[in-house]
Amino acid sequence: MKSILVIGLGRFGRHLCQKFMSLNNEVMIVDRDEAAVTALASEVTSAQIADCTDESVLRTLGVQNFDLCFVCIGTDFQSSLLITVMLKDLGARRVIAKANRDIHAKLLLRNGADEVVYPERDSAERIAVRLSAEHVFNYIELTDEYSIYEIPPMAHWPGHTVRELDVRNKYHINILAIKRGDELHPMPGADYLFKGDEHVLALASKEDAKKLLRKI
């Protein structure tokens, strides 16, 4: 369990704290919009209506006691930057800020943010990759070169094991898990027998993934 501070309750902030709560973390939310705080207050550990650009407000929150502090202000960059700087000055352990533009990300990283996220851009890229390929159910980019792809098994895989198909050497992919319905089976062994109705979560370079997808 982690303690999370979420400042800013726009769309990203709301979804973020709801997900953290569903994972059994402790979440405190802060926003100057009373309606936004009230709407979410019953779902989180604690809630406060306040303006976090006021340093005295941040001091009362005890930001150094949170494992993660999120600055989820996307429309007012000046406030986002100011809050990020003050959080770090007040001893926040890890500050993660939302950015909409690369220049904003650079400024946030130079002024206290430990990490910057681009929720809209990242979501758009995942959707584009998933929908531009015929057989990609989901996609997680790890680096510019490597990603995790959720794909169906190839037509001739059912009835054969991972060892028999020699998947790693033939296709240059690493199978991380098998997904069937809502069940996930991580790290299948060499004796795993493909059934044909499962999804494969595979780590691969983009070039190797393209070659494999053309064959599915």
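Just so it is clear, none of the values below were taken in a lab; they were calculated from the coordinates. Keep in mind that what you see is a predicted model, and the values were worked out from it rather than measured. Cβ placement follows ideal geometry from the backbone for every residue including glycine, while neighbour counts extend to all protein chains displayed.
Looking across the stretch 201-216 at every residue that is charged (D, E, K, R) and outside any loop (DSSP other than H, G, I, E, B), the one that is surrounded by the most Cβ atoms within 10 Å (Cβ to Cβ) is identified as Asp208. Would a scan of the stretch 172-191 turn up a residue that is surrounded by 13 or more Cβ atoms within 10 Å (Cβ to Cβ), assigned to a strand (DSSP E or B) and in contact (Cβ under 8 Å) with a residue 60 or more places away in the chain? Scanning the stretch 172-191, I find no residue that is surrounded by 13 or more Cβ atoms within 10 Å (Cβ to Cβ), assigned to a strand (DSSP E or B) and in contact (Cβ under 8 Å) with a residue 60 or more places away in the chain, so the answer is no.
Arg59 meets the stated requirement of being in a helix (DSSP H, G or I), loosely packed, with under 14 Cβ neighbours inside 10 Å and either in contact (Cβ under 8 Å) with a residue 12 or more places away in the chain or of a type in the set (Asp, Glu) (or both). Figure legend. Inter-residue proximity from the stretch 133-144: first residues acidic (Asp, Glu), second residues surrounded by 14 or more Cβ atoms within 10 Å (Cβ to Cβ), beta-carbon distance below 6 Å, spacing 6+ or different chains. Indicated pairs: Glu141/Ser147.
All told, Asp144 falls short of being in contact with a Ser or Thr (Cβ under 7 Å, 6 or more places away or on another chain), loosely packed, with under 15 Cβ neighbours inside 10 Å and not in a helix (DSSP H, G or I). Within the stretch 64-74, is even one residue free of Cβ contacts under 8 Å to residues at least 12 places away in the same chain and either under 21 Å from the mean Cα position of the chain (by Cα) or exposed (fewer than 15 other Cβ atoms within 10 Å of the Cβ) (or both)? No, every residue in the stretch 64-74 fails to be free of Cβ contacts under 8 Å to residues at least 12 places away in the same chain and either under 21 Å from the mean Cα position of the chain (by Cα) or exposed (fewer than 15 other Cβ atoms within 10 Å of the Cβ) (or both). For the stretch 93-112, the set of residues classified as buried (at least 17 other Cβ atoms within 10 Å of the Cβ), over 19 Å from Lys2 (Cα atoms) and under 18 Å from the mean Cα position of the chain (by Cα) consists of Lys98, Ala99, Ala105, listed by residue number. Cβ-Cβ contacts under 8 Å between residues 6 or more apart (or on different chains), taken from a first residue in the stretch 193-216 that is touching a residue at least 12 places away in the same chain (Cβ under 8 Å) to a second residue that is buried (at least 19 other Cβ atoms within 10 Å of the Cβ) and among the polar types (S, T, N, Q), are listed as Leu203/Ser147; Ala204/Ser147; Lys206/Ser147; Ala209/Ser147. No other residue among Val30, Val6 is farther than 19 Å from Glu120 by Cβ and either surrounded by 17 or more Cβ atoms within 10 Å (Cβ to Cβ) or among the charged types (D, E, K, R) (or both) apart from Val30.
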